[in-house]
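The values are calculated or read from the model by the stated rules, or taken from the named source; none is laboratory data. Here the structure is a predicted model, which is why all the values come from computation and not from measurement. We place every Cβ from the backbone using ideal geometry, glycine too, and count neighbours over all the protein chains shown. Side chains included, ligands, DNA and RNA excluded: accessible areas come from the protein's heavy atoms. Shrake-Rupley method; radii C 1.70, N 1.55, O 1.52, S 1.80 Å.
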Amino acid sequence: MTTTFHSEVNVKVQFFDELQKNPDVDVIVLPFWQDDCKPLPIFDKKNLHIPEVVFDPIELGDFLAKEDEIFLVCVKKQRFLLLGLGKKDALTPHRIRASFSCVSRKMMELGFEHISIIVTTPLRKYFRQVIEGVFLANYRFDVYKTASKKDSKRTLLKKIDFIGVSQEFGQKDIAFVKNLTSGVFLCRDLVNGNADDVTPEFLCKIAKSISNVKTTCHSKSWLEKEKMGLILAVSKGSHHEPRFIIMEYRGNKKSKERSCIVGKGITYDTGGLSIKQVSNMIDMKTDMAGAASVIGAIKALSLNKIPVNVIGIIPCCENAISSTSFKPGDVYTSYSGITVENTNPDAEGRLILADAIAYANKAFHPDFIVDFATLTGAIDIALGKHAIGLFSNDDHLAKKLTKAADRAGERAWQFPLYDEYKEPLKSEIADIKNWGSRSAGAIAAAKFIEEFVGKTPWAHFDIASCAYLEDAPLGHLSRFATGIGVCLLVDFFETICQKDK
Ligand code: BES
Ligand code: MN
Ligand code: ZN
């Protein structure tokens, strides 16, 4: 099986002042917003010389320009796609992103490769979101399909003309979004890939392939030397050895500021000796999505040369079942020295994060730590697919992250961390146990991690419900692996730098 997948961002972009008479263009995209329940074009009809019949679906009431609505019209062998953006006063950056992602998906479904998009004045201030929508949805993962079974009609967009945007205005945003997309696609590929392909060692290889980042991959003997008892415990049952990846990106060498982003890298979660039933186990190749977000984000930060210093810390191992698996009831000693009673080997994510975060603190003294983890099924019960869970010991940091999440269209919602939530984690035999009760499961998991954070400002994102979508895609988040976390992190760090200036 292939282990070299790596979705490329392969789209050529051109800029034109006016609509070109180009027979190679498959579809011309015309955006509309909805005002008084009537579609209003976001462009000057006269200047663009669009045949009047294109607007017939509006006259007939077949096209209303509702959010994400699309309508394809053919006139003299030229196709026009009417795109609805919803109500004008409800227009948000994310709404634009979501609508334009529908364009890519429709083009993919129909097998078109070359489109022209009209982006005149009202849309120009949202140009970045327009291209984010188009680029981020232009993704498909089919490396495990044999060539003969691949749908030959289903290609990806290869060429996009922007009408009404000058090269001087648009070029920088295009370059930025291409780099961002490259990080998001890497993240998605890693999550979509087989667990037997995306092993701890494979994650090391990928992390090392990212340029302008100093990556160190530590092996089992290092973990033993450092006494990372919790990562070693979780990894005991697997023949894949654990790895501990450190990615140092120094985008601002003059500055002493630095932060750590930590990602849960469980390459497969069987639940260990507390084995999962098959319906819950089936998606567990995705349990390294936090790790993938960190790798993807660092790639995007580095490609875009964002002037920040960020250290990615990624504990990787498999939570497998065998005679050597770590045992329920046994006590293990963490890197920080705190002893942990293993009351549930399926609560393994918090264990590896505890060691990784304690190490991040000790080795790097970061200004703050942010972690991403597919940590609990409970977060799906609480928030479903429409927001990720945020937990923090620092409201200022949480606020900044929430704002970045909103802007990036990867919404986060903050939970409380009242000390009472720690009660069920009291252990009779050790300092703490990793699982106490089902009640407030996502918060209890965060409370466990908090024990290992110390005084450093810290935020934890539980992405278990949003990292992988079985059903319809949501906005720029594609079906299956969504790549969630990458856009959020890049926006967050980009904003930090702008404030410093
Ligand atoms: N990896 C799972 C959480 C998960 C669930 C991720 C669904 C993605 C989709 C985690 O390690 C786990 O098993 N959590 C348990 C926690 C419990 C044992 C306290 C869960 O959610 O059931
Ligand atoms: Mn688990
Ligand atoms: Zn897990």
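For the reader, a short list of remarks on this structure follows.
- Computed FRET value (nearest 0.05) for ASP44 with ILE70, which takes r as the C-beta separation and R₀ as 22 Å: 0.55
- The antiparallel fraction among DSSP beta bridges confined to region 259-362 stands at about 30%.
- Share of carbon and sulfur in the accessible area of region 102-232 stands at 49%, probe radius 1.4 Å.
- DSSP-defined beta bridges in region 1-157 - what % are antiparallel, rounded to 5: 50 percent
- Cα→Cβ-extended label distance, 7 Å offset, between LYS227 and ILE321, nm: 3.4 nm
- Region 6-87, accessible surface, carbon-and-sulfur percent (1.4 angstrom probe): 47 percent
- Average accessible surface area per residue within region 305-461, 1.4 Å rolling probe, Å²: 40 Å²
- Relative to the current alpha-carbon distance between SER211 and LYS158, full extension at 0.36 nm per residue lengthens the span by 16.5 nm.
- Efficiency of FRET from Cβ geometry, GLU423 and ASP142, R₀ 51 Å, rounded to 0.05: 0.60
- 5 angstrom amide H check on LYS87, placed H, neighbours 5+ away: GLN34, GLU67
- Calculated log₁₀ intensity ratio I(q)/I(0) where the Debye formula runs over C-alpha points of the chain, q = 0.06, 0.08, 0.09 Å⁻¹: -0.29, -0.51, -0.63
- Dipole in debye (nearest 20) - region 123-172, about Cα centre, beta carbon charges: Lys, Arg +1; Asp, Glu -1: 200 debye
- Largest accessible area first, the residues SER392, SER437 order themselves as SER437, SER392 under a 1.4 Å probe with ligands, DNA and RNA left out.
- Rounded, prolate or oblate (a/c below 1.5 giving rounded, otherwise prolate when a/b exceeds b/c) for region 216-276 by Cα gyration tensor: prolate
- Isolated Cys in the chain, by beta carbon distance under 4.7 Å: CYS37, CYS74, CYS102, CYS187, CYS260, CYS316, CYS317, CYS466, CYS487, CYS497
- If both residues of a DSSP beta bridge must be in the chain, then about 45% of such bridges are antiparallel.
- Accessible area per residue in Å² at 1.4 Å probe, computed on region 206-304: 41 Å²
- Alpha-carbon centroids, region 107-185 and region 332-378: separation in whole Å: 38 Å
- Surface accessible to a 1.4 Å probe, per residue, for the residues of region 52-105, Å²: 49 Å²
- Take every Cα pair under 8 Å whose residues are at least 6 apart in sequence, average their separation, divide by the length of region 363-501, and the relative contact order is 37 percent.
- Percent carbon-and-sulfur accessible area, region 437-492, ignoring ligands, DNA and RNA, probe 1.4 Å: 51 percent
- Nearest-20 debye value, the chain charge dipole, Cβ charges on Lys, Arg, Asp, Glu: 1300 debye
- Pairwise centroid distance, computed over Cα atoms, of region 34-75 with region 198-235, Å: 54 Å
- Heavy-atom accessible area, probed at 1.4 angstrom with all protein chains present, ranks SER279, SER104 as SER279, SER104, highest first.
- The mean sequence distance of close C-alpha pairs (under 8 Å, at least 6 residues apart), as a share of the length of the chain, puts its relative contact order at 15 percent.
- Quarter the surface of the alpha carbon convex hull of region 69-118 and you get the mean projected area, 3.9 square nanometres.
- Between the helical axis of 93-110 and the longest alpha-carbon principal axis of the chain there is an angle of about 80 degrees.
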